[in-house]
Amino acid sequence: MAADVGQLTTAVEVRDLVRRFGERTVLDHLDLTIPAGQFVALLGRSGSGKSTLLRALAGLDHRADGSGDLRVPHQVSVAFQDARLLPWLRVLDNVILGLDDERRGREALAEVGLAGRERAWPGQLSGGEAQRAALARSLVWEPQLLLADEPFGALDALTRIRMHDLLRELCARHRPAVLLVTHDVDEAVLLADRVLVLTDGRVGVDLAIELDAPRSHGDPRFITYRERLLRALGVHPDGGTRARP
Ligand SMILES: Nc1ncnc2c1ncn2[C@@H]1O[C@H](COP(=O)(O)OP(=O)(O)OP(=O)(O)O)[C@@H](O)[C@H]1O
């Protein structure tokens, strides 16, 4: 049963959440609280249930059986790996779909660096631009919670770095709570206030990341966080490669 979180000091409250697909229990009495404005990254091995949790929070898990209490804010935006823009609507119309506020749509597009592309068709955007437009579409709603499932997974390394900067900037300005599902440990440590590792259907590791901005991969504390998370994922850090388990 999903309900709005009444007061805004807590964005997400999950109690005793169970999700099953047939005989397979994916989320097993999971508890999670996310304070308002906190940026949380969610790691876990492939098939550990990251997307299942995100979809449960988004109310998009009609195919799963289960139980538990879920409380999320009224205004929730969801971003996926593919931008999911409607190809028959121009970029601005995609951004304001369901809201119908052209001024806010233009502002949001300017915020993500797409001023001047309002009249473009989605097919005319690069992958990174399409993800920027998708972020603008999330922003116009001023969400109290942004759920993002591998939003940068399909982008090249350079575009990914730019998107990290942009997301950090947008989150600092708008302060939504964020749950970012990622396979990328570095991305998690770079962006998040707190990193969770999903293990056996529950939050197995809950790690606060206490690094000053701007965060750097070379910071010894960054490396310590990274190694600890890799170990929790069952990967032995070799000090050199950036593993994507
Ligand atoms: N609609 C579905 N029907 C049946 N099984 C499903 C369905 N969706 C997910 N599952 C199963 O639930 C488990 C968890 O899937 P989920 O997509 O949540 O994992 P994940 O951690 O996000 O994985 P990945 O990192 O590979 O994306 C997997 O074993 C998957 O096969």
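What the table below lists for this structure:
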{"read-out": "One residue from Leu60, Leu43 being of a type outside the set (Phe, Trp, Tyr), within 11 Å of the ligand (Cβ to nearest atom), in the same structural domain as Leu198 (by TED's automatic domain parsing) and over 28 Å from Arg226 (Cβ atoms)", "value": "Leu60"}
{"read-out": "Residue within segment 210-224 that is aromatic (Phe, Trp, Tyr), part of a loop (DSSP other than H, G, I, E, B) and in the same structural domain as Thr10 (by TED's automatic domain parsing) present", "value": "no"}
{"read-out": "Selection status of Ser67, in contact with a Pro (Cβ under 9 Å, 6 or more places away or on another chain) and under 29 Å from Ile34 (Cα atoms)", "value": "no"}
{"read-out": "Pick from segment 108-161, criterion more than 24 Å from Val72 (Cβ to Cβ) and in the same structural domain as Ala192 (by TED's automatic domain parsing), ranking: farthest from the ligand (Cβ to nearest atom)", "value": "Leu158"}
{"read-out": "Number of positions in segment 44-81 that are closer than 19 Å to Asp28 by Cβ and touching a strand residue (DSSP E or B) at 6+ places or on another chain (Cβ under 9 Å)", "value": "22"}
{"read-out": "Any hit, segment 224-231, residues being within 16 Å of the ligand (Cβ to nearest atom) and of a type outside the set (Lys, Arg)", "value": "yes"}
{"read-out": "Every pair of residues 6+ apart whose Cβ atoms lie under 6 Å, when the first sits in segment 163-180 and is not assigned by TED's automatic domain parsing to the domain that holds Ala41 while the second is of a type outside the set (Lys, Arg)", "value": "none"}
{"read-out": "Test: Leu89 is of a type in the set (A, V, I, L, M, F, W, C), within 11 Å of the ligand (Cβ to nearest atom) and out of contact with any Lys or Arg (no Cβ under 9 Å at 6 or more places or on another chain)", "value": "no"}
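The values are calculated or read from the model by the stated rules, or taken from the named source; none is laboratory data. All values reported here derive from a predicted model rather than from experimental measurement. A quick note on method: Cβ atoms are made from the backbone with ideal geometry, for glycine too, and the neighbour counts reach across all protein chains shown.
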